[in-house]
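Working notes, beginning with the structure itself.
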Ligand SMILES: Nc1ncnc2c1ncn2[C@@H]1O[C@H](COP(=O)(O)OP(=O)(O)O)[C@@H](O)[C@H]1O
Ligand SMILES: [Mg+2]
């Protein structure tokens with residue numbers, strides 16, 4: 001069977017901020033990625049490696065320059081006649097402090113804002129907002145008439161994500177959107193994002209410094225260093241390459257780290273272990289052999 005065209009294709013992307021000024025900063029110096037429709041992909045790299053710059057290209061906040069290419073769902077983003085509104089409907093981007101993206105007085109209005117701008121008829125706005133709110137765990141009846149400013153930090157995050165989801169994007173990008181959340185809310189939100197991926201087939205791009213989040217949610221990882229893609233592979237393959245990751249200032253999930261340590265002390269364990277259940281099985285296997 002012929003392989004379908006990936007929903008996102010980035011080819012040799014370069015970007016310089018404040019070009020031709022004394023503050024010029026080269027952010028990207030050759031990034032390439034392919035993301036298949038329906039996949040869940042992670043981008044990791046130390047601070048300043050270019051992760052946010054890459055994802056801002058994907059919804060048109062930054063336009064690609066020659067010779068770099070960004071193709072989203074068959075559309076070349078360097079095309080000057082590109083319809084940004086349509087693109088942003090397709091690619092939802094949630095930033096690090098998504099609560100800053102809230103601006104309507106009432107939660108329900110805020111979430112319906114995007115679809116209203118899109119020109120969706122009134123009778124479709126309500127079910128859209130309801131679906132999006134329920135996807136993130138904000139009960140529609142309970143929250144739609146609440147004031148946005150009265151929400152807790154975690155609820156604001158959820159409302160902001162629901163606002164992006166209400167556009168029913170094909171691709172959802174989360175750029176460190178769970179940092180600063182308490183562990184329980186973060187886990188709950190990740191579980192909900194996983195549902196979106198598994199049940200709705202939504203393509204997910206996750207940027208997070210948390211390797212546990214990566215192990216839990218994504219199938220494939222791209223590693224950025226100094227504005228370049230330096231490693232790529234399945235999540236398992238990437239976390240099995242601990243020494244290489246270390247050179248780029250990155251770690252592996254804690255359970256994977258334990259397996260690497262056992263291995264370096266001569267135990268024949270599989271270091272491609274991603275979670276506690278797998279680690280437990282591996283350890284039993286070794287103890288019983
Ligand atoms: N608005 C900006 N103006 C100037 N330089 C920037 C801007 N945003 C990011 N940079 C620089 O570009 C590089 C990549 O940044 P960024 O894409 O934010 O990395 P990451 O998200 O991986 O931390 C860094 O050196 C950063 O200082
Ligand atoms: Mg960033």
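For the reader, a short list of remarks on this structure follows.
- Remark: residue 65 matches the filter, which requires a residue to be in contact with a strand residue (DSSP E or B) (Cβ under 9 Å, 6 or more places away or on another chain) and either within 16 Å of ligand 2 (Cβ to nearest atom) or not in a strand (DSSP E or B) (or both).
- Within the range 91-110, being under 20 Å from the mean Cα position of the chain (by Cα) and under 19 Å from residue 129 (Cβ atoms) holds for 92, 94, 98, 99, 101, 102.
- Annotation note: of 55, 41, the sole residue that is modelled with pLDDT of 95 or more, out of contact with any helix residue (DSSP H, G or I) (no Cβ under 9 Å at 6 or more places or on another chain) and within 14 Å of ligand 1 (Cβ to nearest atom) is 55.
- Qualifying residue in the range 68-84 (condition: assigned to a helix (DSSP H, G or I) and over 15 Å from the mean Cα position of the chain (by Cα)): yes
Conditions (1) farther than 22 Å from residue 226 by Cβ; (2) touching a residue at least 60 places away in the same chain (Cβ under 8 Å); (3) in contact with a strand residue (DSSP E or B) (Cβ under 9 Å, 6 or more places away or on another chain), marked per residue:
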| position | (1), (2), (3) |
| --- | --- |
| 41 | no, yes, yes |
| 58 | no, yes, yes |
| 75 | yes, no, no |
| 85 | yes, no, no |
| 102 | yes, yes, no |
| 111 | yes, no, no |
| 120 | yes, no, no |
| 126 | yes, no, no |
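- Taken as a whole, the condition of being at pLDDT 95 or above, part of a helix (DSSP H, G or I) and surrounded by fewer than 23 Cβ atoms within 10 Å (Cβ to Cβ) applies to residue 244.
- Some residue of the range 258-266 being assigned to a helix (DSSP H, G or I), exposed (fewer than 15 other Cβ atoms within 10 Å of the Cβ) and within 20 Å of the chain's Cα centre (by Cα): no
- Among the numbered conditions (1) under 26 Å from residue 9 (Cβ atoms); (2) in contact (Cβ under 8 Å) with a residue 12 or more places away in the chain, the only one that residue 198 does not meet is (2).
- Residue check, residue 48 touching a helix residue (DSSP H, G or I) at 6+ places or on another chain (Cβ under 7 Å), at positive phi and not in a strand (DSSP E or B): no
- Those residues of the range 100-126 which are farther than 10 Å from residue 166 by Cβ and either part of a helix (DSSP H, G or I) or touching a helix residue (DSSP H, G or I) at 6+ places or on another chain (Cβ under 6 Å) (or both), in sequence order: 100, 101, 102, 104, 107, 108, 109, 117, 122, 123, 124, 126
The values are calculated or read from the model by the stated rules, or taken from the named source; none is laboratory data. As the structure is a prediction and not an experimental result, all values here were calculated from the model. Heads up, the Cβs are rebuilt from the backbone with ideal geometry, glycines too, and the neighbour counts pull from every protein chain shown.
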